[in-house]
Amino acid sequence: MAELTQRQKYDLKRKIEELKEAKGRHTELISLYIPPNKQIHDVNSYLKNEYSQSQNIKSKTTMKNVLSAIESIMSRLKQFKNPPENGMIFFVGHKSVGADKTEMVTFVIEPPLPITTFLYRCDSSFYLKPLLDMLVEKEIYGLLLIDRRECTVGLLKGNRVELLKYLTSHVPGKHGRGGQSQRRFERLTEIAAHEWFVKCGETVSDIFQSVENIQGIFVGGPGPTKQYFVDENYLHYEVQDKIVDTFDTGYTDEFGLRELVTAASETMTNLKISKEKKLMKRFLKEITKTKGSLAVYGESQVLKALEMGAVETLLLSENLRKYRVKLKCNGCNFIKTITITEDDLEDFEPPKCPKCNHSENMELVKKIDVIDEYSDLAEKIGSNVEIISLGSEEGDSLYSAFDGIAGILRYPLDL
Ligand SMILES: [Zn+2]
């Protein structure tokens with residue numbers, strides 16, 4: 001399965017937050033997952049059936065609400081000949097807006113990954129599990145177990161461990177049989193071990209080089225052999241570079257793969273954080289430079305730098321929660337864009353036009369999440385976009401000290 005970009009993950013997370021908030025007063029919120037290969041007319045007959053079943057719902061209000069939600073989905077389905085590339089999801093229903101009132105909401109979502117199962121749910125909240133599953137990290141790690149007897153190669157994909165190769169050696173044990181000179185025996189053993197490591201090195205390198213997007217490789221095994229194998233460069237240098245660390249495991253066969261994953265789990269979590277930390281450290285180092293600094297921060301400066309095409313890496317705090325809001329005067333067509341927080345947006349009232357004496361307040365014509373707006377600009381000029389989470393000192397400082405928006409520049413700017 002493909003991996004989502006940070007941006008896609010962020011957008012999906014936000015969408016899920018929004019959907020989570022909708023609560024029905026009864027079981028009257030419909031979630032409908034349509035996989036890409038599903039025929040629209042099949043979906044329609046399914047809905048027709050649900051429609052007639054729903055007429056048996058005891059509560060009049062609930063029945064009315066469910067029926068109108070189904071009707072709404074059916075009418076929207078008419079716009080589609082086939083489902084989009086990844087399928088689509090309808091979230092439709094009357095959500096509670098307090099004091100006995102409800103309001104009909106409709107979300108049609110084309111998910112960033114394909115929907116695998118057709119699903120219809122009617123409940124008091126939207127059914128979000130398949131969407132949440134898309135957020136689970138699909139990162140790929142290489143797993144290698146080695147000692148003088150066995151070598152096992154595997155992959156960790158998300159939570160799934162895959163065995164790719166299992167090899168056994170003919171390297172004799174440490175102790176010689178009677179009759180042979182101990183010294184000669186040891187020499188032969190070392191030659192056999194070396195040959196075994198060469199063979200493993202080649203096989204393992206071939207396997208890992210043929211897998212795309214390996215984020216890192218973990219090496220396990222009992223005793224010092226694994227470290228020796230790594231240190232003596234038996235692996236291709238590109239594979240060698242991806243080794244994150246070695247871990248002790250009791251087994252070097254398929255059982256050992258699970259052991260290795262458990263042993264390395266903390267390191268895996270730290271990898272993501274450390275990548276973010278590294279970026280932030282680079283930024284913080286640039287900040288302290290008095291001359292030729294490549295750091296830029298704050299909404300307006302970063303915006304300028306983006307417009308000049310000068311941003312190499314854009315750093316955005318995951319917790320920004322701000323919107324760019326476009327306001328328009330209906331008298332003189334004056335347009336103004338302002339930034340407001342998510343909290344303020346709830347009961348936001350546009351101001352009067354500052355240009356003319358128009359009697360009406362300005363009109364809110366568009367709102368866009370700041371992260372989306374800045375990411376769009378950055379993608380246009382080919383910058384990297386990194387969404388930085390809270391929880392590390394560096395990530396927190398981006399949010400609290402730099403307005404959640406910063407950048408590392410391609411060249412120094414005089415802003
Ligand atoms: Zn005006």
For this session: Among the GluC sites (Glu not before Pro) in region 231-301, which ones are in a DSSP loop with at most 16 other Cβ atoms within 10 Å of the Cβ? Mind listing them?
Result: E232
Exercise. Given a 1.4 Å probe and the protein chains all in place, what does the accessible area of D133 round to, in Å² to the nearest 10?
Worked result: 70 Å²
Exercise. With +1 on each Lys and Arg Cβ and -1 on each Asp and Glu Cβ, how big is the dipole of the chain about its Cα centre, in debye rounded to the nearest 20?
Worked result: 620 debye
For this session: Give a quick list of trypsin sites (Lys or Arg not before Pro) in region 1-103 that DSSP marks as loop, anything other than H, G, I, E or B, with at most 14 other Cβ atoms within 10 Å.
Result: K58, K78, K81, K101
Exercise. What FRET efficiency do you get for E312 and K165 if R0 is 45 Å and r is their Cβ-Cβ distance, rounded to the nearest 0.05?
Worked result: 0.70
Exercise. So how much slack lies between K304 and H236, counting 0.36 nm per residue of separation and subtracting their Cα-Cα distance, in nm?
Worked result: 20.1 nm
Exercise. Summing -39500 (n - 2.57) over the DSSP H runs of n ≥ 4 in the chain and dividing by its residue number, what mean residue ellipticity at 222 nm do you reach, to the nearest 500 deg cm²/dmol?
Worked result: -13000 deg cm²/dmol
Exercise. Using modelled amide H (1.01 Å from N, peptide plane; none on Pro or chain starts), what sits under 5 Å from the amide H of E312, excluding residues fewer than 5 places away?
Worked result: I408, L409, R410
For this session: Take the eigenvalues of the Cα gyration tensor for region 88-143, scale each by 5, and report the square roots as semi-axes in whole Å, largest first.
Result: 31, 13, 10
Problem set entry | HN-Hα J in Hz across region 332-346 - Karplus 6.51, -1.76, 1.60, θ = phi - 60°, x for Gly and Pro | 10, 6, 5, 10, 9, 10, 10, 10, 9, 6, 4, 5, 5, 5, 3
Exercise. Farthest toward the dipole's positive end in the chain, which of H26, V325, Q6, given Cβ charges of +1 (Lys, Arg) and -1 (Asp, Glu) about the Cα centre?
Worked result: H26
Seminar exercise, completed: For region 36-147, the convex hull over Cα atoms projects on average to an area in nm² of 10.6 nm²
For this session: Report, in debye and to the nearest 20, how large the dipole of region 217-288 comes out about its Cα centre when Lys and Arg carry +1 and Asp and Glu carry -1 on their Cβ.
Result: 600 debye
Exercise. Ranked highest first by average number of other Cβ atoms within 10 Å, how do 116-123, 311-318 line up?
Worked result: 311-318, 116-123
Exercise. How many nm separate the modelled label positions at R258 and R321, each set 7 Å beyond the Cα in the direction of the Cβ?
Worked result: 4.1 nm
Seminar exercise, completed: Simple SL model, points at 7 angstrom along Cα→Cβ for Y228 and K336; separation in nm is 7.5 nm
For this session: Would you give the gap between the C-alpha center of region 104-146 and the C-alpha center of region 264-340, rounded to a whole Å?
Result: 28 Å
For this session: Just check region 254-353 against the gyration tensor rule for me: Cα atoms, a ≥ b ≥ c as the square roots of the eigenvalues, rounded for a/c under 1.5, and otherwise prolate or oblate depending on whether a/b exceeds b/c.
Result: oblate
Problem set entry | Gyration tensor verdict on the chain (Cα atoms; rounded if a/c is under 1.5, prolate if a/b is larger than b/c, oblate otherwise) | oblate
Exercise. Quick one: what do you get for region 165-276 if you divide its Cα Rg by 2.2 N^0.38 Å?
Worked result: 1.24
For this session: List the trypsin sites (Lys or Arg not before Pro) within region 250-343 that fall in a DSSP loop (any state other than H, G, I, E or B) and whose Cβ has at most 12 other Cβ atoms within 10 Å.
Result: K289, K291
Exercise. What is the set of long-range amide H partners of K352 at a cut-off below 5 Å, with H atoms built 1.01 Å from backbone N?
Worked result: M362
For this session: Taking H placed 1.01 Å from N in the peptide plane, check which residues at least 5 places from T102 or on another chain put their amide H under 5 Å from its amide H.
Result: V97
Exercise. Do the alpha carbons of any pairs in K9/K367; K64/K101; K9/K272; K326/K355; K9/K81 sit beyond 18 Å of each other, and which pairs?
Worked result: K9/K367; K9/K81
Problem set entry | Calculated from backbone phi, Karplus (6.51, -1.76, 1.60) coupling profile of region 185-191 in Hz, x at Gly/Pro | 4, 4, 5, 4, 4, 5, 5
For this session: Using θ = phi - 60° and the Karplus relation 6.51 cos²θ - 1.76 cosθ + 1.60, list the HN-Hα couplings for region 388-404 in order, rounded to whole Hz, with x at every Gly or Pro.
Result: 9, 8, 7, x, 10, 3, 5, x, 5, 5, 4, 6, 8, 9, 10, 6, x
For this session: Would you calculate the separation in nanometres between label points at D344 and N82, each defined as 7 Å from the Cα along the Cα-to-beta-carbon direction?
Result: 4.7 nm
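The values are calculated or read from the model by the stated rules, or taken from the named source; none is laboratory data. Note that the coordinates shown come from a computational prediction; the quantities given were computed from them, not determined experimentally. Ideal geometry is used to build each Cβ from the backbone, glycine not excepted, and the neighbour counts take in all protein chains shown. Side chains included, ligands, DNA and RNA excluded: accessible areas come from the protein's heavy atoms. Shrake-Rupley method; radii C 1.70, N 1.55, O 1.52, S 1.80 Å.
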